[in-house]
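The structure appears right after this line, and notes come after that.
The values are calculated or read from the model by the stated rules, or taken from the named source; none is laboratory data. Small disclaimer: the values here were computed from a predicted structure and weren't measured. Ideal geometry is used to build each Cβ from the backbone, glycine not excepted, and the neighbour counts take in all protein chains shown. With ligands, DNA and RNA removed, areas are computed over all heavy atoms of the protein, side chains included. Shrake-Rupley method; radii C 1.70, N 1.55, O 1.52, S 1.80 Å.
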Amino acid sequence: MADNSNTPLRAVKGMNDILPPESARWEWFEHVVRALMRRYAYQSIRTPIVEPTPLFVRGLGEVTDIVEKEMYSFIDSLNGDPLTLRPENSAGVVRAAIEHNLLYDGGKRLFYIGPQFRHERPQRGRYRQFYQVGVEALGFAGPDVDVEVILMARALWRDLGLADVRLELNSLGQTDERRAHRAALIAHFEAHRDQLDADAQRRLQSNPLRILDTKNPAMQPLVEAAPRLLDFLGEGSLKHFDGVRAVLDAVGQPYRINPRLVRGMDYYNLTVFEWITDRLGAQGTVCGGGRYDGLFDMLGGKPTPAVGWGLGIERVLDLLAQSGVEAPFDAPDAYCIVPDEAAMPMATGVAEALRLTGLAVVLHAGGKDGLGGMKSQFKKADASGARYALIFGATELAAGQVALKPLRDAAAEQTLRPLGDVGAWAGDLRTP
Ligand code: ATP
Ligand code: MG
């Protein structure tokens, strides 16, 4: 498409630029996440952002919010392939695990961090490109691993300094149990057909369980009164559920059993859970997950137990802001002031030598009108947050020295350092 106008272009609606200084909060958050994954020995996996459309239709279920109305699907105009921007990452991870026989030597504990895409109505906590952290524990069947992933989220709240996130828990049982429950559910909703909204009417036969997941407040009383799936669970499912509860009790993690917690994808069975906060309004679920023992099979792999969760990064960062948690400010150690172009080669060499020792150093750079005066350079040094200025003045340079000026301590004196041996004094600039 030709576009010869020069009106400025804007980002796609619901897709956000993450700019400094906000981006520093993201970097810090991801750093905390990676440190957490290391402690639990979860390994990183990166799958493509674009997948074949049938992966999600098969994996998530045809009658789900995502597949029905939220997917960015298109035909690759170069070869006719039906493709979709991934709306979630579990299906991609499982596809990759099957494709590369990742579980040939036993279970795998994996995590990802990355963008997901859903065509939803943009609002606070709901975007069209949003970011998730997720964990997937593949090949482990026991309730102990359900608890492991639940506790990883708890550890993350602690690492971040978040207090107000609570755990809700449910069990979706197994297929035959859901089938029995389904019949009871349809009977219940049919008896109150007049109270069903359009979505619910449509789902009554195709996927009545999804009705429990409705966001429509008018439907709540009807949903509250619906038959509980928990009452349909057989011995095996109850044993698994009790196993999860026993370990949570043992480690002192409180939870509320929410019989209407069903989650948005068809692939879940047995344990499902959400971490919820009351501080974000309607978009209060910051992390959701559960067991999905059927997904490997649905995607053409060997039946393999699996459990995981996905967490919305925007919502967690919003919650951090609401809770007054600040990311640590990562200021540079030094700002190099270069009064004259002639000093630039020397300043560059010193900055490089300092960076080699691990210090964060800004080397002043000019605009269209050159480097600018000392005063404006000092202003920039101050604004950068650097704790020291290094001043490459002509007199000092002639004497083989550079001036070191503390910027955050008015009482401290400016001193001189030898240009010949940067390594000897680099340590003086290090953050205590
Ligand atoms: P919701 O019920 O809020 O629509 P969901 O059940 O669709 O959430 P999941 O698919 O389980 O959510 O994704 C896990 C997490 O990802 C959610 O708990 C939420 O924190 C986040 N998330 C989901 N959709 C969005 C979105 N459109 N924008 C921002 N974050 C999102
Ligand atoms: Mg959703």
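Descriptive notes on the structure:
- Counting protein heavy atoms only, the stretch 387-430 has 51 percent of its accessible area on carbon and sulfur, 1.4 angstrom probe.
- Sorted into 10 angstrom bins from 0, the C-alpha pair distances of the stretch 95-157 split as 17, 35, 34, 14, 1 percent.
- Probe 1.4 Å, protein heavy atoms only - accessible area per residue of the chain in square angstrom: 49
- Cross-link reach list, lysines versus residue 405, counting only Cα pairs under 23 Å and skipping chain neighbours closer than eight places: 375, 379, 380
- Charge tally in the Cβ shell below 10 Å around residue 124, where Lys, Arg are +1 and Asp, Glu are -1, residue 124 excluded: 0
- Note on exposure: 90, 376 ranked by accessible area (1.4 Å probe, complete protein assembly) read 376, 90, with the most exposed listed first.
- Axis of helix 313-322 versus longest Cα principal axis of the chain: the two differ by about 70°, to the nearest ten degrees.
- Calculated over the stretch 293-338: convex hull of Cα atoms, volume per residue (Å³): 213
- Across q = 0.12, 0.13, 0.27 Å⁻¹, the stretch 241-305 modelled as identical point scatterers on its alpha-carbon atoms has Debye log10 I(q)/I(0) values of -0.41, -0.47, -1.19, in the order of the q list.
- For the stretch 380-432, fraction of C-alpha pairs farther apart than 18 Å, in %: 33
- If the convex hull is drawn through the Cα atoms of the stretch 117-268, its volume per residue in Å³: 151
- Shape parameters for the chain, alpha-carbon atoms, Rg then Dmax in Å: 27.9, 93
- In terms of the mean number of neighbouring beta-carbon atoms within 10 Å, the peptides 202-209, 127-134 order highest first as 127-134, 202-209.
- For residue 416, residues with placed amide H under 5 Å, excluding near neighbours: 404
- Average Cα contact separation per residue, the chain, under 8 Å, 6 or more apart, as relative contact order %: 14
- Note on the stretch 278-432: along the principal axes its Cα atoms extend 74, 38, 36 Å, ordered by decreasing extent.
- Expressed as a whole percent, the accessible area of the stretch 91-196 that falls on carbon and sulfur atoms is 48 (1.4 Å probe).
- Bins of 5 Å, starting at 0 and running to the largest distance - Cα pair percent for the stretch 175-228: 4, 22, 38, 25, 9, 3, 0
- The Cα atoms of the stretch 134-190 define a convex hull whose projected area, averaged across directions, is 6.1 nm².
- The Stokes-Einstein estimate for the stretch 1-111, based on a Kirkwood radius over Cα pairs and taken at 25 °C with 0.890 mPa s viscosity, is a diffusion coefficient of 141 µm²/s.
- Fraction of alpha-carbon pairs over 23 Å apart in the stretch 204-336 - percent: 50
- Fraction of beta bridges assigned by DSSP in the chain that are antiparallel (%, nearest 5): 80
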